[in-house]
Amino acid sequence: MTPIDTIVYIALFCIGTLFGSFFTLAVYRIPLKKNITHERSFCPNCNHKLTFLDMVPILSYICLGGKCRYCKQKIRPRYLLLEILSGIVFVLFAISVKLNILESSLSTIVYFVFGLLYIATLFILAGIDKEKMQVEKSVLLFGYIIEVLYIVYLYIVEHDPNIYRYVIYLAIICALVLLDTVMLRKKAKNSYPVDVLLLCMFILTFTYSGVSFLTIIMTLLTITLYMIFQKIFSNKNRNNTVKENIPIAFYLCMSNMIILIVTNFYIFK
């Protein structure tokens, strides 16, 4: 690894932590239909507007002792963990595609940029589903727009011969959206299963079919293990009879990020 590569990876980690800080804001505000770009950040407990020094990723949390500067209310550790995790994921994704500013091809650099936007979409979708048990349509729409732009690039610049595969995927997505908006909403039925299918198509459109298949397998295994541990825990605490809904989209997003990075190490040799 050259000194330039080291500098690039450090910069990517810092950028990733900034994105992680934005993810926490987006996960909180988007379900509430609040502005995520023009309204200043504030403490959810005392509503005090936060300054720049209050929002430096990782450092602000550590320096403030994990508490709000103004009301001294404890800040959930997940904010710190998400900032660190997103920074690590950004770096791992760069390493997985063998990113080199001086030597990487245009194709690799474009894939890397769109890949980061794809991963950012997964982070927000996962966070909202973990908190609210829903697949946020506006975030998914942003992801689809990113994918369409990437498909256009592949068709115009790289003359991808598999362009018809993407057209088929987009047709299936349109059919699912039509099913959700026309049929299910009119009958007031739960659209979460269709939303999960839309997420699966989102994953399939950007990644390879093998990656998507492994993502589903990993998701099923993870959910199975979760249910087993939940069953064991409930048997030890027989008074606890509350059943938790399983955030399938959360597990799909996290599994896909892991599988995508791991498979990239084999593809970009």
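Take each uninterrupted DSSP H stretch in the chain, measure its Cα extent along the helix axis, and return the ones at 30 Å or beyond whose mean Kyte-Doolittle hydropathy is at least -1.0. Let's see the in-between values first.
Details: long enough: 3-29 (39 Å, 1.45); 106-132 (39 Å, 1.37); 209-236 (41 Å, 1.16).
Flagged H segments are 3-29, 106-132, 209-236.
Where Rh is the Kirkwood radius over the Cα pairs of the stretch 90-207, the temperature 37 °C and the viscosity 0.692 mPa s, what D in µm²/s does Stokes-Einstein return?
209
So what does VAL157 come to for accessible area, using a 1.4 Å probe and Å² rounded to 10?
Roughly 80 Å² of VAL157 is accessible to a 1.4 Å probe.
Could you give the length gained by full extension between VAL262 and VAL113, i.e. 0.36 nm per residue of separation minus their alpha carbon distance, to one decimal place?
Gain in length upon complete extension: 51.9 nm.
Given the DSSP H assignment, sum -39500 (n - 2.57) over each helix run of at least 4 residues in the chain and divide by its residue total; what's the result at 222 nm in deg cm²/dmol, nearest 500?
Taking each H run of at least 4 residues, the total per residue is -22500 deg cm²/dmol.
Given R₀ = 45 Å, FRET efficiency for VAL167-LYS72 by Cβ-Cβ distance, to 0.05?
Working: r = 56 Å, r/R0 = 1.24.
Step by step, r from the Cβ atoms, then E = 0.20.
Using amide H atoms built in the peptide plane, which far-off residues or other-chain residues are under 5 Å from PHE42 H to H?
Correct list: LEU50.
Around ASP160, which amide H atoms from residues at least 5 apart in sequence, or from another chain, sit under 5 Å from its own amide H, with H modelled in the peptide plane?
TYR155
Using only alpha-carbon positions, what ratio does the radius of gyration of the stretch 1-108 give when scaled by 2.2 N^0.38 Å?
Against the compact-globule rule of thumb, the ratio is 1.26.
Which length gain, in nm to one decimal place, applies between ILE15 and ILE217 when the Cα-Cα distance is subtracted from 0.36 nm times their residue separation?
Difference between extended and current length: 69.6 nm.
Protein chains only, probe 1.4 Å: how do PHE142, PHE114, PHE90 rank by accessible area, largest first?
So the residues, ranked largest to smallest area, are PHE142, PHE114, PHE90.
Tell me the trypsin sites (Lys or Arg not before Pro) within the stretch 1-79 that lie in a loop according to DSSP and have at most 14 other beta-carbon atoms within 10 Å. Walk me through the numbers on the way to the answer.
Working: sites: ARG29, LYS33, LYS34, ARG40, LYS49, LYS67, ARG69, LYS72, LYS74, ARG78; in loops: LYS33, LYS34, ARG40, ARG69, LYS72.
In loop regions of the stretch 1-79 (DSSP not H, G, I, E or B), the sparsely surrounded trypsin sites (Lys or Arg not before Pro) are LYS33, LYS34, ARG40, LYS72.
With equal scatterers on the alpha carbons only and no solvent term, can you work out the Debye log10 of I(q)/I(0) for the stretch 21-177 at 0.09, 0.11 1/Å?
Rounded to two decimals, the profile gives -0.41, -0.59.
Regarding the chain, what's the average projected area of the Cα-atom convex hull, expressed in nm²?
Quarter of the Cα hull surface area: 18.1 nm².
Counting only heavy atoms of the protein chains, get the accessible area per residue of the chain (1.4 Å probe) and round it to a whole Å² value. Write down the numbers at each step before the final one.
Details: 15670 Å² over 269 residues.
Value returned for the chain: 58 Å² of accessible area per residue.
Given a 1.4 Å probe and every protein chain left where it sits, what share in percent of the accessible area of the stretch 1-148 is carbon and sulfur?
On the way: 5490 of 7860 Å².
Carbon plus sulfur share of accessible area: 70 percent.
May I ask you to rank THR6, THR215 by accessible area, largest first, using a 1.4 Å probe over the protein chains only?
From most accessible down to least: THR6, THR215.
Can you give the net charge of the other residues whose Cβ lies under 15 Å from the Cβ of LYS74, counting K and R as +1 and D and E as -1?
Value of the local net charge: +4.
Would you grab the residues whose amide H sits under 5 Å from the one on VAL135? Only those 5+ places off in sequence or on another chain, please, with H modelled 1.01 Å from N.
Residues meeting the amide H criterion: none.
The values are calculated or read from the model by the stated rules, or taken from the named source; none is laboratory data. Just so it is clear, the structure is predicted and the values come from calculations on it, not from any experiment. Note: ideal-geometry Cβ built from the backbone for every residue, glycine included; neighbour counts use all protein chains shown. Just so you know, the surface numbers come from the protein's heavy atoms only, side chains and all, with ligands and any DNA or RNA stripped out. Shrake-Rupley method; radii C 1.70, N 1.55, O 1.52, S 1.80 Å.
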